[in-house]
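Student: Here you go, one structure.
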Amino acid sequence: MRNAAPFIEECLLSIVKQTYTNYELLIVDDHSSDQSAQLIQGFLSSKSIRLLKNKGKGIIPALQTAYQQSSGEIITRMDADDIMPSQKLEWMVNKLLIHDKGHVVTGLVKYFRQGEIGLGYRRYAHWLNNITRSKSNFQEIYKECVIPSPCWMMFREDFDRIGGFEGETYPEDYDLAFRMYKYGMKVMPVRRVCHLWRDHGSRASRNDPNYADNNFLDIKLNYFLELDYKKEKPLLVWGAGKKGKYVAMSLKKRNVPFKWLSENGNKIGKSIYGIEVYRPIPAEWAEAQIIVLVANENEQMDIRLRIAEADSFYFC
């Protein structure tokens, strides 16, 4: 928690009211300057709840601090401004115990706030819940973070195997999801709303530069080149907007060969960063890998239909 005074009591009440009670809760104070630590003193009378000081600064050191002090066989995390439905831990623990090692359990999420939830958040929750219901999370991993950071659970043995919280890469939740994918974790969904995600103006995802778009693109490209890139296939980058330009420049800096495509008549045939932009040609799709960076939903749907059989990766 960092300056979580407006929300921390409601968050902790949702945890102590869980129907599953065999847990330890480690709260890490990330150098709060408000009344957060004082507000939670009444919860610390329970032997299962401890307050720690962050050894570093920021979310990753806070997660590392908590994990180093933890002893549970099963691991999950929670955010200080969110709420757990009363049966969340029971639902997720039971699902994990049934399916055993090698699985990560997740559930459906729901955003809430004072006032109306923005369209972007509503679309993200709808998309995330759909891929969770169908267990297709990792099939869409290059599009957006497919495992909600405060709504996963796995055995400690698996958590250590995939590197736990030891990474130093932000956004840390997206990096963790890619490591679940990398090490072959299987998603098992609880098809119920397991997490109430609070949206508010001071959320880290809205304000912290660690969660800027380019950091997401860096993670996507790094893991694509490590896990899915096939040097024997031509690489096509489809899209010459802001994100397309960033990925094109990143590939150029890494000396990764690619062909840059766009259907924007103002860009076709022009040289951007010394790279010529071409019109997409269907004959090239079958044998290539395609990174799609077209954000417009209608245009992207059209592209999905046209290259449905291609080896494609949607970065937005």
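Student: Out of all the residues in the stretch 133-151, which are of a type in the set (Val, Ile, Thr) and under 17 Å from Lys110 (Cα atoms)? Spell out how you get there, then give the answer.
Tutor: First, pick out the residues of the stretch 133-151 that are of a type in the set (Val, Ile, Thr): 141, 146-147.
Passing the criteria: Val146, Ile147.
Student: Tell me, yes or no, whether the stretch 50-70 has at least one residue that is aromatic (Phe, Trp, Tyr), assigned by TED's automatic domain parsing to the domain that holds Asp173, within 22 Å of the chain's Cα centre (by Cα) and modelled with pLDDT of 95 or more.
Tutor: First, the residues of the stretch 50-70 that are aromatic (Phe, Trp, Tyr): 67.
Imposing the further condition that a residue be assigned by TED's automatic domain parsing to the domain that holds Asp173 reduces the set to 67.
Add one more test, that the residue is within 22 Å of the chain's Cα centre (by Cα), and what stays is 67.
Next cut, modelled with pLDDT of 95 or more only: 67.
Yes: the stretch 50-70 contains one or more residues that are aromatic (Phe, Trp, Tyr), assigned by TED's automatic domain parsing to the domain that holds Asp173, within 22 Å of the chain's Cα centre (by Cα) and modelled with pLDDT of 95 or more.
Student: Got a sec? Which of Gly118, Gly107 is among the small types (Gly, Ala, Ser), in contact (Cβ under 8 Å) with a residue 60 or more places away in the chain and farther than 17 Å from Cys151 by Cα? Spell out how you get there, then give the answer.
Tutor: On the way: Gly107 fails: farther than 17 Å from Cys151 by Cα.
When all the criteria are applied, what remains is Gly118.
Student: Could I ask something else about it? Of Pro150, Pro189, which residue is at negative phi and touching a helix residue (DSSP H, G or I) at 6+ places or on another chain (Cβ under 7 Å)?
Tutor: Working: Pro150 fails: touching a helix residue (DSSP H, G or I) at 6+ places or on another chain (Cβ under 7 Å).
Of the residues listed, the single one that is at negative phi and touching a helix residue (DSSP H, G or I) at 6+ places or on another chain (Cβ under 7 Å) is Pro189.
Student: Just the residues that are within 12 Å of Leu12 (Cα to Cα) and not polar (S, T, N, Q), please, taken from the stretch 23-49.
Tutor: Matches in the stretch 23-49: Leu25, Leu26, Ile27, Leu39, Ile40, Gly42, Phe43, Leu44, Ile49.
Student: For the stretch 13-52, which positions are within 16 Å of Ala80 (Cβ to Cβ) and among the hydroxyl-bearing types (Ser, Thr, Tyr)?
Tutor: Correct list: Ser14, Ser32, Ser33, Ser36.
Student: Can you tell which of Gly164, Gly120, Gly184 is modelled with pLDDT under 95 and over 13 Å from the mean Cα position of the chain (by Cα)?
Tutor: Numbers: Gly164 fails: modelled with pLDDT under 95; Gly184 fails: modelled with pLDDT under 95.
Matching residue, one of Gly164, Gly120, Gly184: Gly120.
Student: Taking Gln18 as meeting all but one of (1) surrounded by fewer than 19 Cβ atoms within 10 Å (Cβ to Cβ); (2) free of Cβ contacts under 8 Å to residues at least 40 places away in the same chain; (3) touching an Asp or Glu at 6+ places or on another chain (Cβ under 8 Å), write down the number of the exception.
Tutor: Result: Gln18 passes all but (2).
The values are calculated or read from the model by the stated rules, or taken from the named source; none is laboratory data. A quick note: this is a predicted structure, and the numbers were derived from the prediction, not measured. Neighbour counts run over all protein chains shown; Cβ positions are idealised from the backbone, glycine included.
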